[in-house]
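The values are calculated or read from the model by the stated rules, or taken from the named source; none is laboratory data. Keep in mind that this is a model prediction, so the values were computed, not measured. Heads up, the Cβs are rebuilt from the backbone with ideal geometry, glycines too, and the neighbour counts pull from every protein chain shown. Each accessible area value is taken on the protein alone, full model and side chains, heavy atoms only, with ligands, DNA and RNA left out. Shrake-Rupley method; radii C 1.70, N 1.55, O 1.52, S 1.80 Å.
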Amino acid sequence: MSASAIAPPLFSSSALQDFFNTEDSSSPQRALITIGTLSSLVHKCQSLFQMRWEDTFDFGKMGDAMSDLAGYFFLADVVDGSYKTYLATKEVIAHFNRTMVKEEARARVSFLAALTRAGKTFSDAVTFLKTIAKTSALTGLNMRPWKLAGNCSCAIYLMHSLYKGEESTPCATDERTPLDGATVIYLFQKDQKTHLDNLDKMLALSIVCISIFGSVCAFSGVSIPTSIAVCSRNVSFALSVGSAVCSVGSYFYGKQIENFEDQKSPNVSISGG
Amino acid sequence: MSTTVNNNVTYLGLGDVIDGRLFIDLVDTACKWATVAKKTHFTFYGCTLDTAALSNNLLKPLKGYLSILRSFQRVLSFKEVCWNSVDKAKLSSLIKAVQHSFATVSGFSGGACYLIASKVVHLSPHFRILNLTKHITSTANNVLKIALDASNMWELYQQGSENSQSNKWRWCDHILSIWNQTLSIVSTIFIRLAPEFGFALFAATQLSPFTLAAISTCENIGKIAQAVACKWSGLA
């Protein structure tokens, strides 16, 4: 293996700097959620091991505040998602006007894409509203049905994107041109990123399902035993920690992939991704 | 996003000019004007939006936590900016390194102040010293930024009329940056630092909401104008 085949460190200084970048609209959201989740985890550990640090640093308060405030950045996702939904709808109409069978199939695919994108946008909008309502800036709105609708549309989006999937082994190589070490590392990183993205989606889907279960029980007036409620809260928290870890891993692998693509274009044709 | 049309005119999109932080500042200023107009509650479809709560419970904490994140970023780039890329023969490079150090200290002390104020960290006896550190280092940071802009303008002046369209926007960018820093220094000294040293004449508590909202609006207009000039200097 050549010197270029040595994989660069995952948590490089430049990648970490980008992680804490507050000027980009999507980056602070990830950083806030990650630090918030880790703070809540430290708080849980404190409670578990009977440590009293609240007199100096209240990790629980900080974790809750950071996780809640991250919802504000969903506003950017709503704007971006609305524009993408509009583009997808335009494409559906363009295909729908044509009468050929092949075009109809394409219209169906575009329609499904537009529908799931709209679902995700709606779910983001509900999350943003939830954040505003939590800060008591918005009052008088019954959030329960909105939460349920938002969670359902988010579940549909996640299921669709998991079903559609991404190819985990993105190699379509020519045997006559052997891969160099750097390209092998690049493909490995791409593979890892895809795995982490899928795992993140699965964990998010599980959290959403638990939330839907809670909402349905509340609507139908079924009283859940306290032990089950506490257990589902703990499971949901554990899943959110896992989701944050996957999201961070995926972000840093993504940074390495970006760096590699900036440096040189790989001599393999990459499908998917 | 910017859009280029066939007649070689490039238009700037809203997203190119207003970043996440500036948007928060704009909404916060709008909330301040709502307070001035004594209309902090807006009712629509049975819901009520309270702008005072929006500003105090969402935007201000968000600014505090973003300041902490920004400080982490500055600490991570500290070695690169303040050591590796310093050209000891160039004064502007040295100024930039010192300015980065001040900005890092200011960001961290600001973040710590916010955590103390929101009762996440219980270090109230140190609040005053941290607050002073924040304001003094922030003022020093702004002064050094003005020095950097002046040095860049001198370099532009020496370059002459090469690529004059781009240079014009760069001049504009530096002038607006100096205006913004000056405004920031004035508001820090008279509104935030003066009460700390007992000069109650300009204390924030004595300034009317109208004056505070007007200062905030001027700051935001300056920032938007600078962002436009900065983008145009890169595009021209």
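Descriptive notes on the structure:
- The mean sequence separation of alpha-carbon pairs under 8 Å and at least six residues apart, normalised by the residue count of the range B:81-198, gives a relative contact order of 25 percent.
- Peptide B:57-70 has a mean shielding of 6, counted as Cβ atoms of other protein chains within 10 Å of each residue's Cβ.
- Alpha carbon convex hull of chain B, volume per residue in cubic angstrom: 172
- Stokes-Einstein D (µm²/s) once Rh is taken as the Kirkwood radius of the protein assembly as shown over alpha-carbon pairs, at 20 °C in 1.002 mPa s: 81
- Cα centroid separation, the range B:100-119 to the range A:26-40 (Å): 18
- Taken about its Cα centre, chain B carries a charge dipole of about 480 debye when Lys and Arg each add +1 at the Cβ and Asp and Glu each add -1 at the Cβ.
- Between the range B:129-191 and the range B:67-86, the Cα center-to-center distance that results, in Å: 20
- For the range B:29-169, fraction of C-alpha pairs farther apart than 22 Å, in %: 59
- Buried surface between chains B and A: roughly 2800 Å² of accessible area, summed over both sides, computed with a 1.4 Å probe on protein heavy atoms only.
- For chain B, averaging the sequence separation of C-alpha pairs within contact (under 8 Å, six or more residues apart) and dividing by the residue count gives a relative contact order of 20 percent.
- The charge dipole of the protein assembly as shown, taken about its Cα centre with unit charges on the Cβ atoms of Lys, Arg (+1), Asp and Glu (-1) only, comes to about 1020 debye.
- Straight-line reach from A:Lys190: taking Cα to Cα under 17 Å and skipping same-chain neighbours fewer than 8 places apart, the lysines in range are A:Lys201, A:Lys255, A:Lys264.
- Placing unit charges on each Cβ (+1 for Lys and Arg, -1 for Asp and Glu) gives the protein assembly as shown a dipole about its Cα centre, and among A:Val109, A:Ala94, B:Thr43 the Cα reaching farthest toward its positive end belongs to B:Thr43.
- Here the gap between B:Gln159 and B:Leu207, fully extended at 0.36 nm per residue and compared with their Cα-Cα distance, gives a gain of 12.8 nm.
- Of the solvent-accessible surface of the range B:72-138, computed with a 1.4 Å probe and all protein chains present, 67% belongs to carbon and sulfur.
- At a probe radius of 1.4 angstrom, the accessible area of chain B per residue rounds to 55 square angstrom.
- Span-like helix check, chain B: qualifying full DSSP H segments, with Cα axial length of 27 Å or more and mean Kyte-Doolittle of 0.0 or more, are B:91-117, B:209-235.
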